[in-house]
């Protein structure tokens, strides 16, 4: 990791309580495991509190499970990892609970057909921008769109070799998420522009899925010359 980019993530050491909404899915479980392994207090959320508790217990870490609302309420930082189809309804229902909180959206609006994955059009421009519109009293940052859930969930991989593109409008919030990303060994957080740039970040996931299917890999991204 270059010293210049690593230092960007050191503006604030993040010991936050983290909630992962949609934490029973593969991406949510993977992020929860990695952050718990890094020593953070983690709660996974689900529409079904009993399922969240069951999955949390099965992870073998000090991870709690709760309904999405309860998980979000007790957290300082909330990661949104729900399916795209549930994105708007989930955030609308949690608008009051998420007031004043930093919300990290990693949802990719994708479709799949016989020709493979493709990016869906979002009226607001991206899932992150939709989140910002639905949560006017929260601070929304986009990150973790391209990290392999398979690698995250498999702790035998001591290092996850990838960059995480972070988009957001407030420097302090972006730096906080860069710091959070770099809690995962091997991961480097990279500022990738303001929230209006989230659409192309999310859409790139379709290309990565195509790469991984073709080459039977779990490829991520690296930004050169940093």
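The values are calculated or read from the model by the stated rules, or taken from the named source; none is laboratory data. Being a predicted model, the structure only gives us computed values, none of them experimental. Cβ: placed from backbone, ideal geometry, glycine included. Neighbour counts: every protein chain shown.
Of note:
- Matching residues, segment 172-215, being farther than 23 Å from residue 125 by Cα, assigned to a helix (DSSP H, G or I) and without any contact (Cβ under 8 Å) to a residue 40 or more places away in the chain: 211, 214, 215
- Criterion violated by residue 157 - all others in (1) at pLDDT 95 or above; (2) farther than 13 Å from residue 198 by Cβ; (3) surrounded by fewer than 24 Cβ atoms within 10 Å (Cβ to Cβ) satisfied: (1)
- Residue count for segment 60-83, restricted to those that are under 18 Å from residue 152 (Cα atoms), modelled with pLDDT of 95 or more and surrounded by fewer than 18 Cβ atoms within 10 Å (Cβ to Cβ): 1
- The residues of segment 93-118 that are within 19 Å of residue 149 (Cβ to Cβ) and under 18 Å from the mean Cα position of the chain (by Cα), listed by number, are 104, 105, 106, 107, 108, 109, 110.
- Tabulated pairs, segment 107-120, first without any contact (Cβ under 8 Å) to a residue 24 or more places away in the chain, second in a strand (DSSP E or B) and surrounded by 10 or more Cβ atoms within 10 Å (Cβ to Cβ), C-beta under 8 angstrom, 6+ apart or interchain: 111/117; 111/118; 111/119; 112/118
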